[in-house]
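Chemist: Before anything else, here's the structure in question.
FYI, it's all coordinate maths here, none of it is from the lab. Computed from a prediction, not measured in an experiment: that's the story for all the values here. Cβ atoms come from the backbone with ideal geometry, glycine included; neighbour counts cover every protein chain shown.
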């Protein structure tokens with residue numbers, strides 16, 4: 001089993017060191033773990049978003065990746081029987097393409113997730129910003145908000161900066177319940193064209209099991225959306241727990257594997273941003 005969405009304490013909203021996560025991975029029988037520390041480069045959110053290095057909050061545009069990648073290299077030595085990968089989860093907005101491209105060009109990662117976390121610099125996935133969302137964005141109405149979200153998803157895929165898109169229907173977490181059925185109807189009407197575009201871009205989609213820990217019956221995205229994605233031609237699907245603490249590492253991944261298996265899909269794996277064959281094991285530096 002592999003876990004391709006893991007937040008160690010470099011992410012300011014996470015707990016547990018890379019070494020602690022690796023120890024937990026061995027305990028629960030994972031063969032491969034990919035760390036995906038948050039990188040949220042929106043300058044408008046600079047006072048909110050940080051990265052933690054040695055217990056100290058650092059600006060997102062600081063040289064935190066040097067310490068992060070060194071900690072991953074140390075973990076590979078400490079846990080020789082565990083594949084430890086260096087990844088990153090990038091908060092995407094169309095206006096940030098240049099910043100993100102420069103960042104990814106300067107640092108070597110095994111796997112890069114793209115995520116639409118914010119609209120107009122207001123986070124959709126943080127409960128602490130829900131009131132701001134309600135006051136500033138909610139009046140726009142469900143149709144416009146859903147359209148804005150999927151424009152950004154489409155733009156993220158079109159940028160070709162990312163290996164996979166994270167938690168595609170993350171709007172289920174807080175936003176969808178704020179509206180009547182019009183939001184879901186609009187989202188469902190937009191999904192086919194968006195998924196066709198994602199497939200054409202060669203970008204993959206992750207199956208994120210964090211929704212299950214929050215009492216949802218299905219992961220992000222739902223199985224029906226995964227089926228639509230497969231039918232649209234998306235060929236790469238990864239699985240991840242989105243763990244922000246060691247106790248959640250690997251949670252419910254067997255459900256994600258079964259969902260993909262039902263669709264005739266095997267979870268994808270990466271090295272140095274290259275998709276691996278299912279039976280391929282390349283040595284890591």
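Chemist: Let me know the shape class of region 176-252, please: from the alpha-carbon gyration tensor, a ≥ b ≥ c as square roots of the eigenvalues, rounded when a/c is under 1.5, otherwise prolate if a/b is greater than b/c, or oblate. Write down the numbers at each step before the final one.
Modeler: Values: a/c = 2.70, a/b = 1.24, b/c = 2.17.
Oblate, because a/c is 1.5 or more while a/b does not exceed b/c.
Chemist: Assuming 0.36 nm per residue, please report the length gained on full extension of the stretch residue 74 to residue 101 beyond their Cα-Cα distance. Please report the intermediate quantities before stating the final value.
Modeler: Details: separation 27, 0.36 × 27 = 9.72 nm, distance 2.67 nm.
Extra length available between residue 74 and residue 101 comes to 7.0 nm.
Chemist: Using only the Cα atoms of region 126-285, build the gyration tensor, take square roots of its eigenvalues as a ≥ b ≥ c, and label the shape rounded, prolate or oblate: rounded if a/c is under 1.5, else prolate if a/b is larger than b/c, else oblate.
Modeler: Numbers: a/c = 1.84, a/b = 1.47, b/c = 1.25.
Verdict is prolate for region 126-285.
Chemist: Let me ask something additional. Kindly provide the helix-only [θ] at 222 nm of the chain, computed as the sum of -39,500 (n - 2.57) over DSSP H runs of four or more divided by all residues, to the nearest 500 deg cm²/dmol?
Modeler: On the way: 9 runs with 106 residues, N = 285.
Rounded to the nearest 500, the figure is -11500 deg cm²/dmol.
Chemist: So, one more: Which shape class, rounded, prolate or oblate, goes with region 1-129 when its Cα gyration tensor gives a ≥ b ≥ c as root eigenvalues, a/c under 1.5 marks rounded, and past that a/b bigger than b/c marks prolate?
Modeler: Values: a/c = 1.84, a/b = 1.73, b/c = 1.07.
Taking the square roots of the gyration eigenvalues as a ≥ b ≥ c, region 1-129 is prolate.
Chemist: Rounded to the nearest 5, what is the percent of antiparallel bridges among the DSSP beta bridges in region 118-241?
Modeler: 35 percent
Chemist: Express the C-alpha Rg of the chain as a ratio against the empirical globular expectation 2.2 N^0.38 Å, rounded to two decimals.
Modeler: 0.95
Chemist: Take peptides 47-54, 83-90, 176-183 and line them up by average Cβ neighbours within 10 Å, highest first, as a rough protection proxy.
Modeler: By packing density, highest mean first, the sequence is 83-90, 47-54, 176-183.
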